[in-house]
1. Looking at LEU493, is it more than 14 Å from the ligand (Cβ to nearest atom) and either within 22 Å of LEU261 (Cβ to Cβ) or open to solvent by 50 Å² or more (accessible area, probe 1.4 Å) (or both)?
2. Can you tell me which residue in segment 503-533 is surrounded by the most Cβ atoms within 10 Å (Cβ to Cβ), limited to those that are within 16 Å of the ligand (Cβ to nearest atom) and either free of Cβ contacts under 8 Å to residues at least 24 places away in the same chain or over 19 Å from LEU461 (Cβ atoms) (or both)?
3. Name the single residue that is surrounded by the most Cβ atoms within 10 Å (Cβ to Cβ) among those in segment 424-434 being touching a residue at least 24 places away in the same chain (Cβ under 8 Å) and in a helix (DSSP H, G or I).
4. So if I check each of GLN195, GLN251, GLN212, which one is out of contact with any helix residue (DSSP H, G or I) (no Cβ under 9 Å at 6 or more places or on another chain), open to solvent by less than 50 Å² (accessible area, probe 1.4 Å) and either in contact (Cβ under 8 Å) with a residue 12 or more places away in the chain or within 11 Å of the ligand (Cβ to nearest atom) (or both)?
5. Just need a number here: residues in segment 405-423 that are part of a helix (DSSP H, G or I) and open to solvent by less than 60 Å² (accessible area, probe 1.4 Å).
6. For ILE223, are the conditions met, namely being open to solvent by less than 40 Å² (accessible area, probe 1.4 Å) and out of contact with any Phe, Trp or Tyr (no Cβ under 7 Å at 6 or more places or on another chain)?
7. If the requirement is being in contact (Cβ under 8 Å) with a residue 24 or more places away in the chain, in contact with a strand residue (DSSP E or B) (Cβ under 6 Å, 6 or more places away or on another chain) and among the acidic types (Asp, Glu), which of these qualifies: GLU163, GLU117, GLU170?
8. Take PRO130 and tell me if it is touching a Ser or Thr at 6+ places or on another chain (Cβ under 8 Å), of a type outside the set (S, T, N, Q), within 16 Å of the ligand (Cβ to nearest atom) and open to solvent by less than 60 Å² (accessible area, probe 1.4 Å).
Amino acid sequence: MRFECKFFAVVRRISSLNSFTTRTNTCGELGLDSVGEKVCLKGWLHTFRGKFLLIRDAYGMTQITIPGERKELLEKVNGINFESVISITGLVTKRPEGQENKKMQTGCIEVILEDLEVLGPAKKDLKFLPKDTSKASEHLQLQYRYLSLRLPEMQRTLRLRSEVIMKMREYLIKKHGFVDIETPTLFRRTPGGAQEFIVPTRQPGNFYSLVQSPQQFKQLLMIGGLDRYFQIARCYRDEGSRPDRQPEFTQVDIEMSFPTLDGIISLIEGLIADSWPEGFPELKIPFPRLDFNTAMSEYGTDKPDTRFKNKIQEVTGILKDVSFPENSTLSPSSCVSAVVFRDSSEYYTAAVKNKMKTLAEGCRVKKNSEVKIDKKGKWITNMKLNEKLKDELKSILKLEENDVVFIAAGNRTDVLKYLGKVRLEFADHLETKGKNIRSSGYNFHWVLDFPLFSVNDEGKLESNHHPFTAPHPHDVDLLRENPENVRGLHYDLVMNGNEIAGGSIRIHDPMLQEEVLKLIGEDSSQLHHLIDALASGCPPHGGIAIGLDRYISLLLHTKSIRDVIAFPKTTEGRDLMSDAPSAVSEKDLDLYHIKVINKQSKC
Ligand code: ASP
């Protein structure tokens, strides 16, 4: 019997691979049907013990056995360091009865060694061996990335990523007539977005900006008559040290002329479904849709994790007069809301309480408390709740013994934001204790009807998506008097509580574009080229971009997006392998008219 081959899709392609390499076989493809064949395998010496060695390549591993009489071969292998690249020839044989390895793809055969050659010796003191990477810290794995890339998980990830991209290209180009167009990465600053990296030039005082996305180019392509554009685009954002962000990342960037919002949504649903990896749980499209206000009021975030319920519930009507531990009364505009977790009172500990306090401070919520109902139905809380209030809360929140209720009061936005975080934090906490909170698998949904603007901490209007997003046609008249109430034609796709794609229908009227830039305090002369283009016969257009790294990371449930990028950077944006960014010579500094004031700032 041939053991089931997990890498079948990969192995199937090997025959074509052999027509342009010098290898004749790969280490993952041999099975009982190869018995009696003479093979040549090329790969890394993975391990060697007794008379057995394991040779590994990108497709799997094969056991090689040195015949007892070939002492010279035994001696030769003894002198080879692990991870050296070797070439072996030998005869495929069935392993003796009882010696099969069911965990190994090729575990029913072995190759009896006839000859061996070292093609690329490895030094003795490699910092870690792929066979025991678990002992290597992430720092070390990033520093010697070419070694960690040899790991089966990394191989599987990068191959799956490539397969998804290939299917996406096929879907967009072959099924829907999109054109793959490369756009520049050296550009000028785009107003109203993320902090951009700047690139000095030989012209004193003049800098490029690295594109944070191809946003302007894709709009210009529509104006240029390329009505269906896409690109697997490299983007750059200088977001400082934000966990699980990369200064350079990849988007599947898409734009169309004459789209409808529903059309873009179903294009993307088809794209995800068509490129869905083989063997993954069944995916159902269309994805559900949520409007922004519902997302905020029920989940306290615009990217809700809907794999579990525990929605936020408003209880202002019941608790408006209750004093919180701080004993201060609520202002009339305050809102009081709650999140309930069933059957979990034993997990509500002093550490959890402290954590929630810190979260509340971070969200500017001054009044927060909890109610714990013990297994006998006794209420433990520092809120002053009389029996009537308890009964009312019990009935509206459907409380039972052993429940925990998190309550907060104050400014509605802050309260919702806080309870949204509480919901995730306590769910994580319960999961670390072995409780199943989130449903397994993949959960997608759209969030729609975002406000066009939000107000930042300095009280200034900011674009919620970007300044090119069109206002809802019904709300355009509100732009001047009441911009905060204007909805944008903006849509986000959320997967397991993470935003994986965002896009919008664009402004294609130059005057409206200028007006929106003015509202967010941006100088429209910086965008003269785009405004001019909008006035040159611009089709209505819209698009979206999928964050490919995050999407693949969520698909594979990796701990970090670094695990799905071949050469990632640290949280601080450093490349540990080459130790970049690094100092440059005085000559180069002069060429680019740069004076370094503080050379100590290396992080
Ligand atoms: N360029 C946008 C972004 O990077 C996506 C879009 O609106 O298409 O977020």
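1. no
2. Among them, the one singled out is GLY503.
3. Among those that are touching a residue at least 24 places away in the same chain (Cβ under 8 Å) and in a helix (DSSP H, G or I), it is PHE426.
4. GLN212
5. Residues meeting the conditions: 8.
6. It is true that ILE223 is open to solvent by less than 40 Å² (accessible area, probe 1.4 Å) and out of contact with any Phe, Trp or Tyr (no Cβ under 7 Å at 6 or more places or on another chain).
7. The match here is GLU117.
8. Criteria not met by PRO130.
The values are calculated or read from the model by the stated rules, or taken from the named source; none is laboratory data. In this text the structure is predicted, and so the values were computed from the model without any measurement. All Cβ positions, glycine included, derive from the backbone under ideal geometry; neighbour counts span all protein chains shown. The protein model used for the area step is the full one, side chains on, heavy atoms only, and it has no ligands, DNA or RNA in it. Shrake-Rupley method; radii C 1.70, N 1.55, O 1.52, S 1.80 Å.
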